[in-house]
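Notes follow the structure.
What follows is calculated from the coordinates using simple rules that are stated; it is not laboratory data. Remember, predicted model here, so these are calculated numbers, not experimental data. Heads up, the Cβs are rebuilt from the backbone with ideal geometry, glycines too, and the neighbour counts pull from every protein chain shown.
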Amino acid sequence: MALGANYHRSNLFIASFQVEGLYNALRTTITVGGTPGKVTIRLLKSLRDSIVSVGSRLTVEHLPEITEDMTSHDVLAAAEVLRTTILAFLPPEEAEEQRGVFGFHSNLKPN
């Protein structure tokens, strides 16, 4: 499908894919004993800051700060929290589409 001039994705929808991709890369890296590098930490921090900018204080105040001295497992946990937080901000149709792309599509519709 070609993207036309009227094709639009929300910034949150795009960010959800970025966080999902980073989370998957971290999970794979850490599983084989690797550690996240400085670029990965900067990217995760940038994504966190973007999420914080759209949330209310109550919804984002518990998001962990991202620092270079975090353990690999802490970085992975932070990425998972960001991944699930951003999904909560997506409108239902974008959340369903995002889940479908990553293999969680369901034909079940809420009543």
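Output ³J(HN,Hα) for segment 68-76: one whole-Hz value per residue in order, computed from phi by the Karplus curve 6.51 cos²θ - 1.76 cosθ + 1.60 with θ = phi - 60°, and x for Gly and Pro.
So the Karplus estimates, Gly and Pro as x, are 6, 8, 5, 6, 4, 5, 5, 4, 5 Hz.
How far apart, in nanometres, would the label points at residue 73 and residue 42 be if each is projected 7 angstrom from Cα along the Cα-to-Cβ direction?
According to this spin-label approximation, the distance is 2.9 nm.
Rank-order 43-55, 25-37 by packing density, defined as the average count of other C-beta atoms within 10 Å over each peptide's residues, highest first.
Top of the packing list down: 43-55, 25-37.
In nm, to one decimal, how far is the residue 59 label point from the residue 97 one, both placed 7 Å along Cα→Cβ?
Using points 7 Å along Cα→Cβ, the separation is 1.9 nm.
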